[in-house]
Amino acid sequence: MRDPVAVRLPISESWRRSRDAGVDAGMEAAPLVYERDVLADARDVHPLQPHLPMLEALLRRVADETEHLMVITDADGHVLWTQGPPAARRAADAIGLTEGFRWAEDAVGTNGIGTAIAAGRPEYVYAFEHVAHVLHRWSCAGAPIIDPDSARVVGCIDVSATVAALHPATVALVAAAARLAESRLENEMLVRDERLRERLLPHLRGLGGAGLLVTATGRVLAAGAAGLRGLRLAAPEPGGTVALPDGRVAVAEPLGEAFLLRSADRVGARVVSDPGAEAAARPAAGGGPLLTLSLLGDGQPHALLDGRRFDLTLRHAEILALLALHPRGLSGDRLSLYLYGDDGSPATVRPEIHRLRQQFGDIVRARPYRLGCAVEADFITVRRLLDDGDAGGAVRLYGGELLPRSDAPAIRAERDELAVRVRRQVLDRGGAETLWAYAQTEPGRADLEALERLRAVLPAGDPRRAAVASRSDRLLSGEL
């Protein structure tokens, strides 16, 4: 590496990071990380994919008219899209500056893509400032794109050319393109936020001003106390705790795509069985009650009714799941068939419905059996995300199978269908992060095909790759 005193500070800092990563200055090209089929999947699930036409239109003129190459990568510096005239593309192919190759600093050293991602700001790299000697005839300018939801880098826009120096306006151009992409992502986020608030505010009202509604990334969507909306907290985990700005600790209740944070000193007041629950079932201010069901995974199935928690028996969880799936209601015969198969009868169902009404009040209705309130359920939200093609969102919410201890025929059918759909979309559309999230679920831990796909897409230096390889090898040997 060169003497850092002789160059600009951002470059000397990048040289130091490159040296620490062990980058070889004599390398000939960037490493390939995505084969063609995996590349297509990575493109499909990337949040910039819907905005590609806008970015291409913005940068096409500089790429087409000046022998420059436009490059768009993901957060790890994997090149997903390129655009430019044939001569520029041929030169770029020779060094791996094309789709499927990795341009992070720890892979190729100082460069406009990896250095911009590492620094978290627009950067330009001229000729000899590159660590790799093969890049000394290139100059590039890159700008990271920050996801407004997570506040993390989601990708990078770069313009590169075989010139000693880029025009100063090139840096401003890629920075402007990145800001425009961020504004598009923010607009999408605000639409999602408003939709979540409309659905989930009854839970917050039910806490009498003592809670917060937050996203899975920790952004406060709504708060009972003034001045908290818009803050960013630590990302919550289901059932975990989150420190609030005033020093209190809150417990995170999952609400599908969001979380309800309630002060830890109020958690002891949550209801497990309350025959006199008419207060919980009363309409919340500004609308009717909202029932949210958490039925995925091996944990305790439970419901939230306008912010109050009710732990559920397996049978009650099954009934509520079936009523959520059939909002128009079910006859006693049909509900009995779904619960018990041909051996059931309406007389078996009636006592269970009576106990549910004791717990939840008159939101549980008869003739036909149905729920007389707005209903959210984690497994239904997963279905909706799958319908929208959001494999990443679906697998993040899919903590496990639907009521895995249930033998009810209709629940078994729904459980199996949901598991197959999640797995199929993860394999067909999931990138590395989606595959990794699926590998942490109970079904995914023993899914050899998913593990092998994940093993193929994780870069060689990723610490998760060794764990995935070990688990795959143990499955193949029959140890798991």
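I need two numbers for region 376-463: Rg to one decimal and Dmax as a whole number, Cα atoms only, in Å.
Cα only, region 376-463: 13.3, 46 Å (Rg, Dmax).
Which of the DSSP-defined H helices in the chain satisfy a minimum axial length of 18 Å, computed from C-alpha atoms, and a minimum mean Kyte-Doolittle hydropathy of -0.5? List each step's numbers first, then the result.
On the way: long enough: 52-65 (19 Å, 0.27); 169-205 (51 Å, -0.13); 346-360 (20 Å, -0.93); 409-429 (30 Å, -0.76); 463-477 (22 Å, -0.55).
For the chain, where a helix must reach 18 Å along its axis and average at least -0.5, the hits are 52-65, 169-205.
By the gyration tensor of its Cα atoms, with a ≥ b ≥ c the square roots of the eigenvalues, what is the shape of region 59-214: rounded for a/c under 1.5, prolate for a/b over b/c, or oblate?
On the way: a/c = 3.07, a/b = 2.53, b/c = 1.21.
Verdict is prolate for region 59-214.
Expressed as a whole percentage, what fraction of the accessible surface of region 115-271 belongs to carbon and sulfur atoms when a 1.4 Å probe is rolled over the protein heavy atoms? Could the numbers behind the result be given before it?
On the way: 3670 of 6550 Å².
Using a 1.4 Å probe with all protein chains present, region 115-271 comes out at 56 percent carbon and sulfur.
Estimate the FRET efficiency between Glu67 and Arg19 by the formula 1/(1 + (r/R0)^6), using the beta-carbon distance for r and 25 Å for R0, to the nearest 0.05. All intermediate terms of the calculation are to be shown ahead of the outcome.
On the way: r = 32 Å, r/R0 = 1.28.
Plugging the Cβ-Cβ distance into 1/(1 + (r/R0)^6) gives 0.20.
Whole angstrom only: what separates the Cα centroid of region 112-139 from the Cα centroid of region 29-95?
Result: 17 Å between the Cα centres.
Binned at 20 Å from 0, what are the whole-percent values of the Cα-Cα distance distribution for the chain, short to long?
Taking every Cα pair in the chain, the percentages come to 21, 45, 27, 7, 0.
How large is the accessible surface per residue of the chain, computed with a 1.4 Å probe and reported in Å² as a whole number? The partial results should precede the final answer.
On the way: 21170 Å² over 480 residues.
On a per-residue basis, the chain sits at 44 Å².
Please state the charge dipole magnitude for the chain, taken about the Cα centre, from unit charges on C-beta atoms (+1 on K and R, -1 on D and E), reported in debye and rounded to the nearest 20. Before the final figure, lay out the partial values.
Numbers: 58 positive and 65 negative charges, 262 e Å.
My answer is approximately 1260 debye.
Between Asp44 and Phe128, what FRET efficiency comes out of the Förster formula 1/(1 + (r/R0)^6) with R0 = 41 Å and r the beta carbon distance, rounded to 0.05? Intermediate values should be presented prior to the final figure.
Details: r = 38 Å, r/R0 = 0.94.
Approximately 0.60, to the nearest 0.05.
Report the full-extension gain for the segment Arg192 to Ala151: residue separation times 0.36 nm, less the Cα-Cα distance, to one decimal in nm.
Working: separation 41, 0.36 × 41 = 14.76 nm, distance 1.61 nm.
Fully extending the segment from Arg192 to Ala151 adds 13.1 nm.
Which FRET efficiency value, to the nearest 0.05, is calculated for Gln358 and Ala57 with the Förster distance at 51 angstrom and r the Cβ-Cβ distance?
Working: r = 62 Å, r/R0 = 1.21.
About 0.25, to the nearest 0.05.
Let me check against my output: what whole-number percent is the relative contact order of the chain, with C-alpha pairs under 8 Å and at least 6 apart? Walk me through the numbers on the way to the answer.
Details: 928 pairs, mean separation 47.9, N = 480.
Worked out over the chain, it gives 10 percent.
Does region 126-219 come out rounded, prolate or oblate by the C-alpha gyration tensor, with a ≥ b ≥ c the root eigenvalues, rounded set by a/c under 1.5 and, if not, prolate when a/b is larger than b/c and oblate if not?
Details: a/c = 5.69, a/b = 3.45, b/c = 1.65.
Here region 126-219 falls in the prolate category.
Taking the C-alpha atoms of region 16-103, how large are the radius of gyration and the largest Cα-Cα span, Dmax, in Å?
In order Rg, Dmax, the Cα atoms of region 16-103 give 14.0, 38 Å.
Using the Cα gyration tensor of region 281-416, with a ≥ b ≥ c the square roots of its eigenvalues, what is the shape: rounded (a/c below 1.5), prolate (a/b larger than b/c) or oblate (neither)? Present the calculation step by step, with values, prior to reporting the outcome.
Values: a/c = 1.70, a/b = 1.13, b/c = 1.50.
It is oblate, given that a/c is not under 1.5 and a/b is not larger than b/c.
For region 392-430 and region 213-254, what is the centre-to-centre distance using only Cα atoms, to the nearest Å?
Spelled out, the Cα-based centre of one part sits 28 Å from the other.
Percent of Cα-Cα pairs per 5 Å bin, from 0 to the last occupied bin, for region 329-480, please list those.
2, 9, 15, 15, 15, 12, 10, 8, 6, 6, 3, 1, 0
What is the gain in length, in nm to one decimal, between Ala446 and Asp333 on full extension, counting 0.36 nm per residue of separation less the C-alpha to C-alpha distance?
Numbers: separation 113, 0.36 × 113 = 40.68 nm, distance 3.83 nm.
Once the chain is fully extended between Ala446 and Asp333, it gains 36.8 nm.
The values are calculated or read from the model by the stated rules, or taken from the named source; none is laboratory data. Quantities reported herein were computed from a predicted structural model and do not represent experimental measurements. Heads up, the Cβs are rebuilt from the backbone with ideal geometry, glycines too, and the neighbour counts pull from every protein chain shown. Calculation scope for accessible area: heavy atoms of the full protein, side chains included, ligands and nucleic acids excluded. Shrake-Rupley method; radii C 1.70, N 1.55, O 1.52, S 1.80 Å.
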